[in-house]
1. For segment 445-586, max minus min Cα coordinate along each principal axis, in Å, sorted largest first?
2. Take the Cβ-Cβ distance between Glu534 and Thr423 as r, set R0 to 30 Å, and report the resulting FRET efficiency rounded to the nearest 0.05.
3. With the full set of protein chains in place, find how many percent of the accessible area of the chain is carbon and sulfur; take the probe as 1.4 Å.
4. I want to verify the translational diffusion coefficient of the chain in µm²/s; compute it with Stokes-Einstein, Rh as the Kirkwood radius over Cα pairs, at 10 °C and 1.306 mPa s.
5. Per-residue accessible area for Met519 at 1.4 Å probe radius, Å² rounded to 10?
6. Describe numerically, in nm with one decimal, the distance between label points set 7 Å from Cα along Cα→Cβ at Lys164 and at Leu84.
7. Obtain the nm distance between the two label points defined at Lys203 and Thr217 by a simple spin-label model: each point lies 7 Å from its Cα along the Cα-to-C-beta direction.
8. Pairs to check: Lys118/Lys174; Lys46/Lys115; Lys401/Lys486; Lys52/Lys362; Lys62/Lys147; Lys189/Lys401. Give those whose C-alpha atoms are more than 24 Å from each other in this structure.
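The values are calculated or read from the model by the stated rules, or taken from the named source; none is laboratory data. Just so we're clear, the structure is a prediction, and the values are computed from it rather than from any experiment. Cβ coordinates were reconstructed from backbone atoms using ideal geometry, including for glycine residues, and neighbour counts include every protein chain displayed. Areas reflect the complete protein model, heavy atoms only, side chains present, ligands, DNA and RNA absent. Shrake-Rupley method; radii C 1.70, N 1.55, O 1.52, S 1.80 Å.
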Amino acid sequence: MCGIVGYIGSNNVKEVLLDGLKELEYRGYDSAGISVLQDESFSVYKAVGKLKNLQHKAEDFKPEGFAVGIGHTRWATHGKPTELNAHPHLGEYSYVVHNGIIENYQELKKELTAKGVKFLSQTDTEVIVHLFEQNLNSIEDAFEAFKLTLSQLQGAYAILLVTKSEPDTIFFAKEGSPMIIGTDALEQKFFASSDTPLIGHAKDVIYLHDGEFGFVTPDAIALFDSCHEAVRPQFSALPESKLSAQKEGFRFFMEKEIYEQTEVIADTMLGRIQDNAIAFDELDPSLFEGINEVKFCACGTSYHSALASTYLFERHAKIRTSVEIASEFRYKEPLMTTDTLFVVISQSGETADTLETLKMAKEAGLKTLVICNVDNSSMVRLADATILTRAGIEKGVASTKAFATQVTIFWMLSLYLAGERKTLSTENITKQIASLREIPASVAVNDDLHERLKRLSKRYLHGHGFFFIGRDVFYPLALEGALKLKEISYLHAEGYPSGEMKHGPIALADPELFTIALMPQHMLYDKTKSNVEELSARDSTICAISNLTFDKADDFIPIADRDHYMLEFFEMMVVLQLLSMEIAIRLGNDVDMPRNLAKSVTVE
Ligand code: F6R
């Protein structure tokens with residue numbers, strides 16, 4: 001995910017900015033840049049890849065004395081990771097850095113282009129700086145122009161803007177993306193999108209709230225709320241440890257990533273949801289021409305999200321859909337026909353088995369699509385088309401937010417195809433889009449629930465194994481719940497379709513077998529219920545997750561009433577992730593780096 005730094009003061013501005021960006025490296029990025037305004041002229045450096053490339057480019061830049069500067073690490077979302085797309089972005093006499101997504105950038109870009117503005121990048125960010133300069137041309141007051149610009153933006157952002165028209169000022173705004181201002185006794189001001197770059201520099205910090213904006217100069221901080229009322233800055237103390245600051249107060253990266261799901265799912269949906277249709281600008285509709293079947297291929301957690309999508313695709317888009325485990329597919333001498341769209345799913349874009357199947361599909365002349373979290377990865381470079389999930393870097397080895405964003409994309413893509421193929425009515429699509437918009441709320445972690453799962457976890461540290469069971473899309477979710485638990489707790493866990501129990505697995509049922517039962521109200525509730533009752537009758541210990549109370553459960557985890565089964569899916573997903581994590585923590589395991597596992601499996 002992108003990172004922002006800013007500085008105003010008389011220390012070595014280049015070092016402050018580059019050191020700050022270094023502290024943000026852990027968030028992941030694929031290009032970086034800085035822009036420094038000193039003595040009425042800008043010095044700008046950008047580089048693709050690691051920060052050392054940027055350091056190398058800026059080697060001969062040796063600023064002295066007062067300066068204002070902004071810097072950015074970019075994780076590509078709109079446009080490839082190139083120098084032109086790297087921030088800061090230039091207007092004619094101003095530079096901007098931005099985290100988040102400007103949802104209406106295409107309309108704004110069209111309007112600005114019609115007025116003769118030339119765009120250099122493919123990013124949504126560039127509209128901000130051009131819009132600001134257009135506004136400044138007519139208003140002639142930089143802060144008023146900045147305010148007007150903010151009122152024209154839709155979406156999520158943290159913004160820093162510097163301009164020659166106010167050379168000792170940084171303009172800032174926060175809406176949906178984090179931004180912090182740091183101060184010290186020396187009239188220096190710092191900005192950063194998280195605590196770590198500020199540790200060791202700032203004495204006090206202001207955590208900006210959504211809707212706040214303003215400007216800083218060497219001797220003032222002007223802060224306003226969303227109603228444009230002046231706000232008195234509230235200063236707080238900074239955390240002292242950098243590692244704990246990176247984890248933003250969470251015990252593990254996995255925990256932080258579970259809590260981040262609300263934000264990254266919202267990012268994944270931004271710009272892709274309209275009132276009654278789904279839009280994927282990155283897809284050429286011809287990709288689906290002549291296609292009679294969709295085949296998904298992936299490994300591990302990504303395979304589980306693909307399996308869930310097969311239900312959604314057949315149900316919504318009425319297209320034959322199948323899914324394959326990549327390590328199996330590559331050796332089964334599969335039949336591949338050119339009326340099949342071949343879709344690979346991967347967080348990293350580098351998993352060796354999945355990459356190989358993509359190569360096979362290309363060689364067989366199939367059209368290919370990759371759903372991926374890392375732009376410019378091997379799979380993205382190879383596939384005909386790409387949809388990026390916008391989960392940001394995932395540090396925990398056990399995948400959480402990547403899975404959540406993949407499933408979000410699949411739900412959207414099934415509706416997009418349903419619209420293209422006219423297999424669902426507009427009313428149905430509109431209704432489901434309204435439900436889609438509720439995903440971020442459905443994955444928000446509720447403190448009471450987390451506390452309850454913490455307490456419950458102590459009852460699940462022994463036994464001879466876990467069954468996770470569910471039907472329909474809740475079957476892949478059961479597989480994913482079992483995978484999460486075994487990866488980090490090292491306890492034996494299996495996922496099953498609920499209806500399969502009586503075909504063998506139920507032989508294991510006894511009080512030491514824990515069944516985690518996914519019982520959504522809106523998907524085959526009665527069928528699942530009778531399967532769980534069969535297990536209960538054989539004395540298996542039942543932990544049921546549902547919004548409907550179930551009196552045969554030994555433990556019951558309530559979820560909220562939702563009107564779509566996919567929202568039940570997302571809420572249950574969070575329950576399973578947290579429960580696994582709490583069990584693993586009680587067992588004393590390193591949740592972020594489980595034994596024998598690697599984050600990116602680039603070997604067969
Ligand atoms: C499980 C997990 C793995 C990955 C698998 C595929 O938590 O992370 O099962 O899902 O190794 O990786 P990607 O998605 O990078 O292809």
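1. Taking the Cα atoms of segment 445-586, the three principal extents are 37, 36, 25 Å.
2. Values: r = 36 Å, r/R0 = 1.19.
The pair Glu534/Thr423 has a calculated efficiency of 0.25.
3. On the way: 11300 of 23450 Å².
That share works out to 48 percent.
4. Rounded to a whole number, D works out at 62 µm²/s.
5. Around 0 Å² of this residue is reachable by solvent.
6. Calculated label separation equals 2.3 nm.
7. 2.2
8. On the way: Lys118/Lys174 27 Å; Lys46/Lys115 28 Å; Lys401/Lys486 18 Å; Lys52/Lys362 35 Å; Lys62/Lys147 34 Å; Lys189/Lys401 34 Å.
In this structure, Lys118/Lys174; Lys46/Lys115; Lys52/Lys362; Lys62/Lys147; Lys189/Lys401 exceed 24 Å between Cα atoms.
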